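The structure appears below as structure tokens.
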Amino acid sequence: MQGQLDMEGALTARSRVGIQDFVLLDETTETAFLSNLKKRFQENLIYTYIGTLLVSVNPYKELSIYNKKQMDLYMGVNFFELPPHIYALADNAYHTMLAELSNHFILISGESGAGKTEASKKILQYYAVSCPSTTLLDTVRDKMLMSNPVLEAFGNAKTLKNDNSSRFGKYMDIQFNSEGDAVGGHILNYLLEKSRVVHQNHGERNFHIFYQLVDGGDEELLQRLGLERDCGHYNYLTQGECAIVPSINDKNDWKSVKNALQIIDIDETNRNNLFEIIASVLHLGNVHFESDAKGHAILNNNNADVRWVSNLLGVDNYRLQEGLTYRKIEAKQDQVLSPFSIDHAVYARDALAKAIYGHTFTWLVNRINESLENTDASRKTVIGLLDIYGFEVFYVNSFEQFCINYCNEKLQQLFIQLTLKSEQEEYEAEDIEWEPVQFFNNKIICDLVEEKHRGIISILDEECLRPGDATDLTFLERLEEKMGNHPHFVTHKLADKMTRKSLERGDFRLLHYAGEVTYCVVGFLDKNNDLLYRNIKDLIRQSKNAIVRECFTTMVPDSKRRPETVATQFKSSLLKLTEILMAKEAWYIRCLKSNESKQPGQFDEALIRHQVKYLGLMEHLRVRRAGFAYRRKYEIFLQRYKPLCPATWPHWRGLPADGVEVLVQHLGYMPDEYRMGRTKIFIRHPRTLYATEDAFEKCKHQLATRLQAKYKGYRAKGEFKKQKEAATKIETCWRGVQARKERDKRAWAVKVIKKFIKGYMTRGQAKTTDNSEYLAFVRQNYLNKLKSNLPKTVLDKTTWLPPPHVLSETSELLRKLHYRLLVRKYVRGITPQKKAQFESKFITSTMFKGKKESYPQSVAQPFVDTRISEQDINVRVLQMIRSEQIKYSVPVIKYDRNGFKPRARQLILTRAAAYVVEEAKIKQRVQYTSLTGVSVSNLTDCVIVFHITCEDPKQKVRGRGGLRQLKALRLVATLSILA
């Protein structure tokens, strides 16, 4: 968010998001003011300064700028170091109070719906989080925070301009001890709009608590109070015809109010009494009167609402009916009951409802004060929060709007006085020449309202006290007589022809500092008198409801003196408030409505311009400028801009004022552009500051690069040094570990070698401690070697590893076991075909044993298998003889008759014949039927001869003496053929 810059830093973004402080505007015109305000509003920057005054524009939407993170950001920070925020103002008021041990107040003002109540909540929440925390202090802060929903429920209502409008003024003192802990508080309330209890304009509601009770109360409570869960059933809740408002959740608010009442120490008995009072007011509103034959007001005998009122308030039902229909008149020693007309009866009923509710609200404020009271007598400083009704202009403006707007006139007068005073004192303290500022002094309007014997309030009181038929119209006539020539007062009778068109005969118009407001005098006298008839007062004092009895017994019962009017009481309370505020240091928050329809993102310039005018923001700006747009302490100015001058960078060793003088000379400030005060520099034009800030923006990038380079170098060197030291330590430790390992290894080796030598020397002796390990080593070593060199076949009788002497017997047992294992494996692995072959070989061996000289040598390796598999026979040959089923095949060598040249052949024996094959060619086929004998050489030449008959005449025949000689086929083969 662009706003997250310091104040001067944000000047670089001024074309887009505007200036954070209106004092720095080039032109102090209303157009420039509104343009800057609009720029910031469009960027969701709702806060802007005018010096230390905070301007707040209601965005009518939630913004994520009120969380704990934002609070932490603003704690203990210089006022202008961060963007404008309500937390900045609250924090600086708090720290100034602690530093100077002085009292302060924050004045929150603005139109209804501008966000004043929300602003006071945000300040309370900030102090609840930022102040030191203990169990006691947490309780105090909880009560401060919880007082808000209670006061809002009983003192706020929906109006045409605001769904949660404060219909009373509130001033709260938050008390702090010397350590800055919130230890207590006190609330003053001003002018509760009691007339709202009995009457609401169209589109408005009564006070929230009525709707909360009806909608949120449980069935048991409503039954006990005689209420129905329907707001439309009650006359006091339906006059505005908007009992249900989408933006208000009365059920949830009811739960919050009940919880808050517990936290502020309202016990269950008093809570029940409160609810009974609220219910009694609702029942009073449903009391209806009828007219008898003489025109006097009477009550229906079956009027259940009267009975409910008497039960809830704990008063006699008959006397209550009498008090609502008769007035007690004292004539010397006698008392006479004078019957009411219906109008008078309605007035008495409404007056009772207003009196009960008004006194209950005062009691509630007093109980909150008792809950917040700090009994510690030590000195305390306070921060006051003044959340007062804003200037109000409705279609019809009555007595309440007159009082509210008078209050705003007084606060505006106070505001200008305090602003001028503080500015003038600052200029005098800094030895800067003060330039008079033109502004509208609204003292003339305040005098018009409050001046003794001549002001509107005095005339209104006189008319209320005057015997005879005083009416609202006679009051208007008296006003015209007394102030007919006043420039800020006009009526239909006194106006010119053009003005009369906009004025009714019962209206008067005042030209306030904020603009013209037309007031209707109807109801002024009744609302100002606010009288409750004596017989009703006496009855209510005897109420069994503890709250009602406490409220009305504090009034002096036997006093014949007429009580002060509402306007006079209000004027007196405003004078006391002014005295309270004048004794404190002032901080201001001006709240503005962005639009009338409460839509987010809409900026109604005409509406904003009107509010800027009547809040006196332009006057405050002109006072704040007073010739100089910018002022800052030497230390702060020098700290920020010292990089712009080589003489002040990086450190200035002298006085800050001298450093600032050197700096501005280097920057080329002209003599008329600035003034040097005692502790601050004053710069006349914003453009001078802008040029300085722009130069700083360029400079700080270079500085940032240099600082980054230095810092990175420092970090890199530090990291390298750290790594080098770590490597050295690791090397040292590792070498030590390795050396210790080597030492231990050598010591171990010496011991082992000694034992080995001793064991070797005593190896032939009986087992002892000296040779036991050696003999074990010999055994293990021999067994390991034997494991790797065991004979692989049964016929291998020579490769058994010779054992040492100590293992001779063991070796022999192992050898026998191993050969038995080999034999078993061999026997288990013999297939039936193999077995049959061995049987054939055994028969052959039996036949030839003893008949062949070379037999013993020839059977030395009887199990060498020289047969060939089918894979070694040519495919073509296999195809020709496969049908005869091959039984045996072996490679042989054929010797030619001439020269005995050897020829490699394959001898294949099938079930039908014997084949002599040369690669893919069958050289000769000999059928077994033609086989007459087989001859084997008794020498080691491995010759076998097959004898066959020669039936083919083409065969070569050697004959002698006419006998056919058998063809001799010599085939040389290994003995394995016979095997």
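The values are calculated or read from the model by the stated rules, or taken from the named source; none is laboratory data. Everything numeric here is computed off the predicted structure, so don't read it as measured data. All Cβ positions, glycine included, derive from the backbone under ideal geometry; neighbour counts span all protein chains shown. For the accessible areas, the whole protein counts, side chains as well, though only heavy atoms, and no ligand, DNA or RNA atoms are used. Shrake-Rupley method; radii C 1.70, N 1.55, O 1.52, S 1.80 Å.
Just one of the listed residues (62, 81) is in a loop (DSSP other than H, G, I, E, B), open to solvent by 30 Å² or more (accessible area, probe 1.4 Å), without any contact (Cβ under 8 Å) to a residue 60 or more places away in the chain and at negative phi, namely 62.
A quick yes/no check of all residues on (1) among the charged types (D, E, K, R); (2) open to solvent by 100 Å² or more (accessible area, probe 1.4 Å):
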site	(1), (2)
719	yes, no
745	yes, yes
751	yes, yes
757	no, no
785	yes, yes
788	no, no
796	yes, no
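Residues of region 479-502 that are surrounded by fewer than 17 Cβ atoms within 10 Å (Cβ to Cβ) and not in a helix (DSSP H, G or I): 484, 485, 487, 493, 495, 496, 501, 502.
The combined condition, being in contact with a helix residue (DSSP H, G or I) (Cβ under 8 Å, 6 or more places away or on another chain) and of a type in the set (D, E, K, R), is not fulfilled by residue 224.
If you check 201, 156, 177, which single one turns out to be touching a strand residue (DSSP E or B) at 6+ places or on another chain (Cβ under 6 Å) and under 21 Å from residue 244 (Cβ atoms)? Spell out how you get there, then give the answer.
Details: 201 fails: touching a strand residue (DSSP E or B) at 6+ places or on another chain (Cβ under 6 Å); 177 fails: under 21 Å from residue 244 (Cβ atoms).
When all the criteria are applied, what remains is 156.
Can we say residue 270 is closer than 25 Å to residue 230 by Cβ and either open to solvent by 60 Å² or more (accessible area, probe 1.4 Å) or part of a helix (DSSP H, G or I) (or both)? Show your work before the answer.
On the way: closer than 25 Å to residue 230 by Cβ: no; either open to solvent by 60 Å² or more (accessible area, probe 1.4 Å) or part of a helix (DSSP H, G or I) (or both): yes.
No: the conditions fail for residue 270.
Inspect all residues belonging to region 162-179 and state whether any of them is hydrophobic (A, V, I, L, M, F, W, C) and either open to solvent by 30 Å² or more (accessible area, probe 1.4 Å) or at positive phi (or both). No, region 162-179 contains no residue that is hydrophobic (A, V, I, L, M, F, W, C) and either open to solvent by 30 Å² or more (accessible area, probe 1.4 Å) or at positive phi (or both).
Filtered by the rule that a residue be touching a Pro at 6+ places or on another chain (Cβ under 9 Å) and surrounded by 22 or more Cβ atoms within 10 Å (Cβ to Cβ), region 24-39 gives a lone residue, 24.
Look at (1) at pLDDT 80 or above; (2) loosely packed, with under 10 Cβ neighbours inside 10 Å and you find that residue 649 fails only one, number (2). If only residues of region 918-938 that are among the aliphatic types (A, V, I, L, M) and farther than 17 Å from residue 875 by Cα are counted, the one that is least open to solvent (accessible area, probe 1.4 Å) is 926.
If you go through region 383-398 and keep only what is open to solvent by less than 20 Å² (accessible area, probe 1.4 Å) and either within 42 Å of the chain's Cα centre (by Cα) or within 22 Å of residue 152 (Cα to Cα) (or both), you end up with 383, 384, 385, 386, 387, 388, 389, 390, 391, 392. Search region 939-960 for residues being part of a loop (DSSP other than H, G, I, E, B) and open to solvent by 80 Å² or more (accessible area, probe 1.4 Å), and hand back the single one that is modelled with the lowest pLDDT. Among residues in region 939-960 that are part of a loop (DSSP other than H, G, I, E, B) and open to solvent by 80 Å² or more (accessible area, probe 1.4 Å), the one modelled with the lowest pLDDT is 958. The lone criterion from (1) under 13 Å from residue 567 (Cβ atoms); (2) in a helix (DSSP H, G or I); (3) open to solvent by less than 20 Å² (accessible area, probe 1.4 Å) left unmet by residue 526 is number (3). Answer yes or no: is there a residue in region 616-634 that is in contact with a helix residue (DSSP H, G or I) (Cβ under 7 Å, 6 or more places away or on another chain), farther than 30 Å from residue 410 by Cα and surrounded by fewer than 20 Cβ atoms within 10 Å (Cβ to Cβ). No: region 616-634 contains no residue that is in contact with a helix residue (DSSP H, G or I) (Cβ under 7 Å, 6 or more places away or on another chain), farther than 30 Å from residue 410 by Cα and surrounded by fewer than 20 Cβ atoms within 10 Å (Cβ to Cβ).
Only residues that are of a type outside the set (Gly, Ala, Ser) and either at pLDDT 90 or above or under 15 Å from residue 131 (Cβ atoms) (or both) were counted across region 74-83, and they come to 2. Residues that are at pLDDT 80 or above number at least 1 in the following helices (runs of 4 or more DSSP H) confined to region 813-916: 832-848, 875-881.
Name the helices (runs of 4 or more DSSP H) wholly inside region 138-254 in which the number of residues that are among the hydroxyl-bearing types (Ser, Thr, Tyr) is 2 or more.
Details: elements: 195-198, 208-216, 219-225, 235-238.
Once the helices (runs of 4 or more DSSP H) in region 138-254 are filtered for at least 2 residues that are among the hydroxyl-bearing types (Ser, Thr, Tyr), what remains is 235-238.
Is there a residue being open to solvent by 10 Å² or more (accessible area, probe 1.4 Å), of a type in the set (Phe, Trp, Tyr) and under 20 Å from residue 527 (Cα atoms) anywhere in region 182-198? The answer is yes; a qualifying residue exists.
Restricting to helices (runs of 4 or more DSSP H) lying wholly in region 569-650: which have 1 or more residues that are over 30 Å from residue 190 (Cβ atoms) and under 36 Å from the mean Cα position of the chain (by Cα)?
Details: elements: 605-614, 617-625, 634-641.
In region 569-650, 605-614, 634-641 are the helices (runs of 4 or more DSSP H) which contain 1 or more residues that are over 30 Å from residue 190 (Cβ atoms) and under 36 Å from the mean Cα position of the chain (by Cα).
Can you find even one residue in region 684-702 that is open to solvent by 20 Å² or more (accessible area, probe 1.4 Å), within 40 Å of the chain's Cα centre (by Cα), at pLDDT below 85 and over 21 Å from residue 81 (Cα atoms)? Taking every residue of region 684-702 in turn, at least one turns out to be open to solvent by 20 Å² or more (accessible area, probe 1.4 Å), within 40 Å of the chain's Cα centre (by Cα), at pLDDT below 85 and over 21 Å from residue 81 (Cα atoms).
In a residue-by-residue description of region 94-113, the property of being on the phi > 0 side of the Ramachandran plot and in a strand (DSSP E or B) applies to at least one position.
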